[in-house]
Amino acid sequence: MDYTKLSKSLDLSDKKERFLYRFFEFLPGFLAWLTLFLITFLSFIAPAFTAVFIILFDTYWLIKTVYLSLHLRHAYKKLRLNLTIDWLERLEKLPTTEYKLQSIKSWQDVYHLIILPRYKEGRELVTASIESLLNSNYPKTKMILVLAQESRAGEEENKLGYELEKEYGSKFFQFIVTEHPDNIQGEMSGKGSNAAYAGRLVKEKIINVLGIKYDHVIVSNFDIDTVVSSHYFSLLTYLYLTTQNPLRTSYQPVPLYVNNIWEAPALARVVAFSATFWHTIQQERPERLTTFSSHSMPFQALVDVDFWQTNMVSEDSRIFWQCFLRYNGNYKVTPMFYPVSMDANVASNFWQTMKNIYKQQRRWGYGVENIPYFFFGFYKNKLIPLKKKLYYIFNVLEGFHSWATNAIIIFLLGWLPVAVGGAKFNQSVLSLNLPQFTRTIMSLAMIGLISSAVLSIVLLPPKPLRYRRFKYFWMVLQWLLFPITTIVLGALPGLEAQTRLMIGKYLGFWVTPKNRIMNHES
């Protein structure tokens, strides 16, 4: 089997290679559990050593918190600045001598293929996404919109797609509805297989038929709840024309989970804003950036890797690694510093919301399946520079390890040496100072939470009339729940995802239910 199409070790027939891939699957979860076990075990037999480690770790965490808070503020300033710029005007004034693609003679040569994978989401949610495309200032005569439905949703559910095609079809260059067949051998039902089916169909039936050059097309694979700001496609086109080596680049916006944020319970809001802030921070560190959720990329690159993989969960980040391996490490992600708004996780009741958030976080955490994929790809591909391999190996592995362990170490295991270290250790100066030091670190780290609380208020969409102004107060106080969310709805689902990969209990794709209370108030 082509190693660039692998989803798990069982796909390999060669015993040696299957063992190697299985080791790579085992590694992230093993390191996470080993870390937690050693801290627990050493708290009993070497509490002084463990206490010193925890003090050093807490100090590192504080420094990192301040560092990331500064990145967040700087990235947010860039985002706000980009929102004030008329990017269509910039495009019109951009000299063709600055274009990085010689085949493009005018910005109006650039087409946008937008794929909206849908599975049972309702009319109001889908039309909100389509209307945002219509409200964007890029010419609709250069937009190909694909509503990619799933045949497994059923004929009754999929009637909506054809109704929307009649309603909106004349407003775009092309508006087509696809139905991804069910039970295709070797495929996993999910966004990746659905988008890949739609992309291949558009390639054969529209782009090839009309003779549109592949390098004149940018494809955006959006979640169905994605609402774009008015200048998104103008900015995207500007970056495509001016970025060095644009055909070897994906383009990543900032996901703002605020479409329905006023209806979300406090825990869901903290999780939603935490995700937004993390991806905003990542814009400041493009060397670490991989694609996530709604993003855009060259159609040429998509064709070169034969579209999204159809047999795994995290297609959004996997497509980056597919391109990275295909181009021997010569592929990157360009941060857009521009938002797309999406839904926070809201269900019909509080406990179902919590359950859905946990499942969504576990699915995001299952992006760890990319570690064995690109580890094995690095082993097979000898053309990628060793330095670049080591850089990604360390940073991605460290990122997933931190996801699964840091919050548990800080908020739970940090007190363990005092609790189980024994009478001799508890009489030491170190034992007396450890709780005080930990509390001090926590207090100083509140600076980051305060910044998050202030920024979360700034990012809020207009308040629906049914809510009182007092609601803003709760929007600030909700950040006191951060220790709970970062453990129960962050570290634990991340740890479960890594554990499942470690023991070979592979996850399937779980579709996040979209429940939005539409605001009809004037």
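Derivation of every value follows stated rules applied to the coordinates shown; laboratory data play no part. In this text, all values refer to a predicted model and were calculated from it rather than measured experimentally. Don't worry about glycine lacking a Cβ; one is built from the backbone with ideal geometry, like all the others, and counts go over all protein chains shown.
Of the cross-linked pairs Lys105/Lys203; Lys359/Lys471; Lys140/Lys171, which ones have a Cα-Cα span greater than 18 Å in the structure shown?
Lys105/Lys203; Lys359/Lys471
Rounded to the nearest 20 Debye, what is the dipole magnitude of the chain about its Cα centre when Lys and Arg each give +1 and Asp and Glu each give -1 at the C-beta?
1080 debye
To make sure I understand the rule: partners must be lysines, Cα under 17 Å from the Cα of Lys380, and not fewer than 8 residues away in the same chain. Which ones qualify?
Filter leaves Lys5, Lys8, Lys15, Lys16, Lys388, Lys389.
To the nearest 0.05, what FRET efficiency results for Glu155 and Tyr3 with a Förster distance of 56 Å applied to their C-beta separation?
It comes out at approximately 0.90.
Search the structure for amide H atoms under 5 Å from the amide H of Asn260, placed 1.01 Å from N in the peptide plane, and list their residues when 5 or more places away or on another chain.
For Asn260, whose amide H was placed from the backbone, the distant partners under 5 Å are Ala344.
Could you give the length gained by full extension between Leu38 and Asn349, i.e. 0.36 nm per residue of separation minus their alpha carbon distance, to one decimal place?
108.0 nm
In a shell of Cβ-Cβ distance under 11 Å around Tyr327, excluding Tyr327 itself, what net charge do Lys and Arg (+1) and Asp and Glu (-1) give?
+2
Cα to Cα, under 17 Å, and not fewer than 8 places away if on the same chain: which aspartates and glutamates meet these conditions relative to Lys355?
Glu263, Asp343, Glu496
Students often get this wrong, so try it: which of (i) 334; (ii) 161; (iii) 179 is volume of the Cα convex hull per residue in Å³ as calculated from the structure shown?
Entry (ii).
To make sure I understand the rule: partners must be lysines, Cα under 26 Å from the Cα of Lys78, and not fewer than 8 residues away in the same chain. Which ones qualify?
Lys64, Lys93, Lys100, Lys332, Lys463
Mind checking the full-extension length gain between Glu131 and Thr242? Use 0.36 nm per residue of separation minus the Cα-Cα distance, one decimal, nm.
Here the segment from Glu131 to Thr242 would lengthen by 37.1 nm.
If r is the Cβ-Cβ distance from Ala419 to Ile63 and R0 is 30 Å, what FRET efficiency results, to the nearest 0.05?
So, using R0 = 30 Å, E works out to roughly 0.70.
Each label point is 7 Å from the Cα along the Cα-to-Cβ direction; what then is the distance between the points at Ile450 and Ile184, in nm?
Between Ile450 and Ile184, the simple spin-label model gives 5.4 nm.
Can you work out the FRET efficiency for the pair Tyr162 and Arg466, with r the C-beta to C-beta distance and R0 = 45 Å, to the nearest 0.05?
Efficiency, from the Cβ-Cβ distance: 0.85.
Checking the a/c ratio against 1.5 first, then a/b against b/c, what shape does the Cα gyration tensor give for the range 267-316?
It is oblate, given that a/c is not under 1.5 and a/b is not larger than b/c.
As a test of the formula, what do you get for the chain when each DSSP H run with n ≥ 4 contributes -39,500 (n - 2.57) and the sum is divided by the residue count, at 222 nm and rounded to the nearest 500 deg cm²/dmol?
-17500 deg cm²/dmol
Label the range 260-356 by shape, choosing from rounded, prolate and oblate, from the square roots a ≥ b ≥ c of the eigenvalues of the Cα gyration tensor; if a/c is under 1.5 it is rounded, and otherwise prolate applies when a/b is larger than b/c, oblate when it is not.
prolate
Taking amide H positions as placed in the peptide plane 1.01 Å from N, state which residues far from His180 in sequence (5 or more) or on other chains have amide H under 5 Å from it.
Close amide H contacts, sequence-distant or interchain: Gln149, Glu150, Ser151.
Can you give me the long-range amide H partners of Val333? Hydrogens built in the peptide plane at 1.01 Å from N, cutoff under 5 Å, separation of 5 or more residues or another chain.
Under 5 Å from the amide H of Val333: Ser250.
Which residues does a label at Leu412 reach in the range 20-37, if reach means a backbone N under 12 Å from a point 7 Å past the Cα toward the Cβ?
Only 33, 36-37 fall inside the zone, counting backbone N under 12 Å.
Taking 0.36 nm per intervening residue step and subtracting the Cα-Cα distance, what contour gain separates Phe30 from Lys380 on full extension?
123.7 nm
When the dipole is taken about the Cα centre of the range 94-167, and only Lys, Arg (+1) and Asp, Glu (-1) are charged at their Cβ, what size is it in debye, to the nearest 20?
Dipole of the range 94-167, to the nearest 20 debye: 340 debye.
Size of the dipole of the range 187-275 about the Cα centre, Lys and Arg at +1 and Asp and Glu at -1 on the beta carbon, nothing else charged, in debye to 20?
Dipole of the range 187-275, to the nearest 20 debye: 240 debye.
What distance in nm lies between label points placed 7 Å from Cα along the C-beta direction at Lys120 and Lys77?
4.7 nm
Which residue, Phe175, Ile393, Leu325, has the largest displacement toward the positive end of the dipole of the chain when charges sit on each Cβ (Lys, Arg +1; Asp, Glu -1)?
The one lying farthest along the dipole's positive direction is Ile393.
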